[in-house]
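Would you mind keeping the following structure in view while I ask a few things?
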Amino acid sequence: MKISELQTRLRKNDPVALAKAITMVENRKKDYKKLLESIYPLKGDALKIGITGAPGSGKSSLIEKMIAELKAQGLSIAVLAIDPSSPLSGGALLGDRLRMIQHSNDPNVFIRSIANRGHLGGLSLSTHEIIDLLQAAGKEIIIIETVGVGQSEVDIVNVADVVLMVLNPDSGDEIQVFKAGIIEIADIFVVNKVDLGGGENKLSEIRNYFAISGRDPLIFPTSVKEDKGIRELLAGIRRFQRDENGRISEKRSRLRENYIGKIVIERLQEEMRSDPAISSLLQGVGATNPYQAADRIVHIVKTGGTHDQKN
Ligand SMILES: Nc1nc2c(ncn2[C@@H]2O[C@H](COP(=O)(O)OP(=O)(O)OP(=O)(O)O)[C@@H](O)[C@H]2O)c(=O)[nH]1
Ligand SMILES: [Mg+2]
């Protein structure tokens, strides 16, 4: 498929074109930059909902229920499941896909798991790009599921306009989660599996935690099993979106800055690999002072590189 055709089909929300475009970008296939350049300006600004929480807390189950509600509202939805690139998660993600399959024939629900291979730490450049591809296809809601462990997960959730943290009534690992700092970035808390009992205790545990800092976060009890609290949760997300509008757009422009920074870094790395003077400098580095070598490389890049003279 030609880039122009791919782009046209993508903008029409064609799921096959969207899947192709994502693969192209993830694998840095030929012409992926042309494709990305062609999607701007983006059609719309999707609401990005990040969902984190311990493994098995019910994130995917909640997403499935949320999708059903959002679909009924006529919205175009995408779900990104972030694969923390661990062989252990393979089974869990497969499970996600199976559970979500009931939506998979619907052109208005696009589900994809992606790897987060950010080699510079934090969010990979392709995650930003994939989110833009989804927006180019006119997705109005983008839900991002990630397991709430580790720094890269914190970053993933940061691409979201609103961050949900899923807890369970009986989960005893909260302190660990608090320590990881994830609790601080969550906007909304969901106590899922309240059908198991003990939900009230968990709700007050969260409130008590925040009482010290004077924060009063939104907390919603849900039960996927008994189909309870999902609508209230979605209404809460919309309320947050309205009330925190200013903060959300500030976050979005910070993110854009970060996105551009990552593109620049990638371009510079490409430049380093392809510039003959830099390559030969790097080959002979052995025992050289790395700071001096870096200074020389920066100087070469700043002064336009050496490709042209050599070719
Ligand atoms: N009793 C009860 N079980 C639930 C509820 N929600 C989810 N579960 C069950 O909890 C298990 C884990 O649910 P998932 O939705 O896969 O959880 P997850 O957070 O996506 O898990 P990972 O993706 O592996 O981190 C499944 O067996 C669900 O059926 C609930 O409200 N009540
Ligand atoms: Mg899951």
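The values are calculated or read from the model by the stated rules, or taken from the named source; none is laboratory data. Worth saying up front: this structure is predicted, and the values here are computed from it rather than measured. So basically every Cβ, Gly included, is an ideal-geometry build from the backbone, and we count neighbours across all protein chains shown. These area figures cover heavy atoms from the full protein model, side chains too; ligands, DNA and RNA do not enter into them. Shrake-Rupley method; radii C 1.70, N 1.55, O 1.52, S 1.80 Å.
Once you have the Cα-Cα distance between Arg273 and Thr23, take 0.36 nm times their residue separation minus that, and quote the gain in nm to one decimal.
Full extension of this stretch gives 87.6 nm more.
Tell me, what ³J(HN,Hα) does each residue in the stretch 247-260 have, in order and in whole Hz, if you take phi through Karplus 6.51 cos²θ - 1.76 cosθ + 1.60 with θ = phi - 60° and put x for Gly and Pro?
Result, rounded to whole Hz: 5, 5, 6, 5, 4, 5, 6, 4, 5, 5, 4, 4, 4, 4.
Once the Cβ-Cβ distance between Ala72 and Ile212 is put in as r, and R0 is 35 Å, what FRET efficiency do you end up with, to the nearest 0.05?
So, using R0 = 35 Å, E works out to roughly 0.30.
Any idea how far the Cα center of the stretch 1-64 sits from the one of the stretch 200-220, in Å?
36
Only sites in a loop by DSSP and with at most 16 other Cβ atoms within 10 Å count here; which trypsin sites (Lys or Arg not before Pro) in the stretch 192-261 make the cut?
Passing both the DSSP loop test and the Cβ count: Arg215, Lys225.
List the lysines whose Cα lies under 25 Å from the Cα of Lys71, skipping any in the same chain that are fewer than 8 positions away.
Hits, sequence-local ones excluded: Lys12, Lys20, Lys43, Lys48, Lys59, Lys139, Lys193, Lys225, Lys228.
As an exercise, identify the trypsin sites (Lys or Arg not before Pro) in the stretch 1-40 lying in DSSP coil whose Cβ has no more than 16 other Cβ atoms within 10 Å.
Here the trypsin sites (Lys or Arg not before Pro) that fit, given the DSSP loop and packing criteria, are Lys2, Lys12, Arg28, Lys29, Lys30.
Which of the GluC sites (Glu not before Pro) found in the stretch 182-258 are in a DSSP loop and have at most 14 neighbouring Cβ atoms, other than their own, within 10 Å?
Glu226
Fully extended, how many nm does the chain gain between Arg256 and Asn105 (0.36 nm per residue separation, minus their Cα-Cα distance)?
51.1 nm is the gain from fully extending Arg256 to Asn105.
If the convex hull of the alpha-carbon atoms of the stretch 257-310 is projected onto planes in all directions, what is the mean projected area in square nanometres?
About 4.2 nm², averaged over all directions.
Percent of accessible area on the stretch 1-40 owned by carbon and sulfur, 1.4 Å probe?
56
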